[in-house]
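See below for the structure under consideration.
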Amino acid sequence: MAQINTDILTAKHFLETENLVGIPTETVYGLAANALNENAVAKIFEVKERPTFDPLIVHTHSLASVYKFVETINPKLLLLAQTFWPGPLTLLLPKKNIIPNLVTAGLNRVGVRVPNHPLTLQLLKQLSFPLAAPSANPFGYISPTTAKHVQQQLGNKIPYILEGGNCSVGLESTIVGEENNEIIIYRLGGLSVTDIETIVGKVTLQLNQSSNPNAPGQLKSHYAPKKIFYITNLDELAQQFENKKLGIICFGEYSTSYRKCVIKNLSPTQNLNEAAINLFNFMRELDESDVDLIVCNYLPQHGLGLAINDRLKRAAAL
Ligand code: TXA
Ligand code: MG
């Protein structure tokens, strides 16, 4: 099993010798490898059982260091980087040859981000290379928000997990790029559309829903528990699921006369940040419990609610 600890030098040692390390970020835990070393990167795909047409995000410690890996940064994207890094923002930028094609699945752009976690930032500063890191879960499953989640699912395949506590955002980064001078959001995430539009004005959403997307983070069924997951009107539950034990994910004040259930409240006070932090954790807990199926309602469609609803939809494969 992987060792879980806070020792940066041990993490550094494993990464320098082509091994994988679980790393904390503010969004979700990542499964990291030397992004400039194809052998190391190949191990990520192997361990995650991830198809190689799904590109990886490259993590680095500063905006200044990004120029080693990309040809140029569009002025509006630069403004976003200056405003929100370190933070839950990934930029798609034209890559230099130093980034292996395996990282970008052969695409011309590389996804880059500066994560906002003190341990991982320290680690990145001590390394002479950036880290390619997808979320540290088996392909298609719920993303991990604690070191223990990583241990449970990938612990027997990697040597080390850097312990960085609970993720403070809980949703993956928002992915942004530019086409024909238009700013495009490709994946909703921990940075809201409103936050982005405040800096660069109106953006276009290009969230691929098809089963053959450019980027599988956008696949219809993704971030999914193993149990049946329904999005439904919670008030009508009793009639719909007679005799089943339900895992109910709710938001705001909620009570039910339905007896056979486990209730998980994303945020009793309807705070969307709190809901984001709890979402994957609750999905995972219910998936591992004895409930027959998991049900939830959509959250309000603003701020982080948009990204949370996107994850719910994909978990339910709608
Ligand atoms: O918050 C996050 O972004 C986390 C932490 C670990 O940083 N990482 C993460 O990685 O969510 P992953 O691999 O689970 O999702 C990355 C997604 C891909 O599935 C794809 O949709 C998109 O990012 N992506 C990455 N590079 C891309 C590229 N060059 N072009 C288009 N999409 C890309
Ligand atoms: Mg992922």
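The values are calculated or read from the model by the stated rules, or taken from the named source; none is laboratory data. Note that the structure is a prediction, hence the values are computed from the model and not measured. Note: ideal-geometry Cβ built from the backbone for every residue, glycine included; neighbour counts use all protein chains shown.
Observations on the model:
- Residue, farthest from ligand 2 (Cβ to nearest atom), within the range 185-198, restricted to residues that are more than 16 Å from residue 113 (Cβ to Cβ) and not hydroxyl-bearing (Ser, Thr, Tyr): 197
- When we screen 143, 168 for residues that are crowded, with 21+ Cβ neighbours inside 10 Å and either modelled with pLDDT under 95 or within 13 Å of ligand 1 (Cβ to nearest atom) (or both), the only hit is 143.
- Looking only at the range 1-10, and only at residues there that are out of contact with any Gly (no Cβ under 9 Å at 6 or more places or on another chain) and within 17 Å of residue 148 (Cβ to Cβ), the one that is surrounded by the fewest Cβ atoms within 10 Å (Cβ to Cβ): 5
- Scanning the range 107-114 turns up no residue that is closer than 15 Å to residue 21 by Cβ and either touching a Cys at 6+ places or on another chain (Cβ under 9 Å) or not β-branched (Val, Ile, Thr) (or both).
- Residue tally, condition within 12 Å of ligand 2 (Cβ to nearest atom) and not acidic (Asp, Glu), over the range 26-60: 11
- Scope the range 261-276; condition surrounded by fewer than 21 Cβ atoms within 10 Å (Cβ to Cβ) and outside any strand (DSSP E or B); matching residues: 267, 268, 269, 270, 271, 272, 273, 274
Conditions (1) over 24 Å from residue 168 (Cβ atoms); (2) surrounded by fewer than 20 Cβ atoms within 10 Å (Cβ to Cβ); (3) without any contact (Cβ under 8 Å) to a residue 40 or more places away in the chain, marked per residue:
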| site | (1), (2), (3) |
| --- | --- |
| 53 | yes, yes, no |
| 58 | no, no, no |
| 64 | yes, yes, yes |
| 72 | yes, yes, yes |
| 76 | yes, yes, no |
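- Within the range 129-163, being over 16 Å from the mean Cα position of the chain (by Cα) and under 20 Å from residue 61 (Cα atoms) holds for 129, 130, 161, 162, 163.
- Single condition residue 195 does not satisfy, out of (1) touching a strand residue (DSSP E or B) at 6+ places or on another chain (Cβ under 8 Å); (2) acidic (Asp, Glu); (3) more than 14 Å from ligand 1 (Cβ to nearest atom): (1)
- Taking every residue in the range 113-137 that is at pLDDT 95 or above and within 16 Å of ligand 2 (Cβ to nearest atom) and pairing it with any residue that is of a type in the set (Lys, Arg) and assigned to a loop (DSSP other than H, G, I, E, B), at least 6 positions away or on another chain, the pairs with Cβ-Cβ distances below 8 Å are 134/50.
- All conditions but one from (1) within 16 Å of the chain's Cα centre (by Cα); (2) surrounded by fewer than 22 Cβ atoms within 10 Å (Cβ to Cβ) apply to residue 111; the one that does not is (2).
- When the range 1-53 is limited to residues that are part of a loop (DSSP other than H, G, I, E, B) and of a type in the set (S, T, N, Q), the one that is nearest to the chain's Cα centre (by Cα) turns out to be 27.
- Inclusion of residue 11 among residues that are within 16 Å of ligand 1 (Cβ to nearest atom) and small (Gly, Ala, Ser) is warranted.
- Any hit, the range 43-51, residues being out of contact with any Leu (no Cβ under 8 Å at 6 or more places or on another chain), aliphatic (A, V, I, L, M) and more than 10 Å from ligand 1 (Cβ to nearest atom): no
- For residue 165: the one exception among (1) farther than 25 Å from residue 307 by Cβ; (2) in contact (Cβ under 8 Å) with a residue 24 or more places away in the chain; (3) small (Gly, Ala, Ser): (1)
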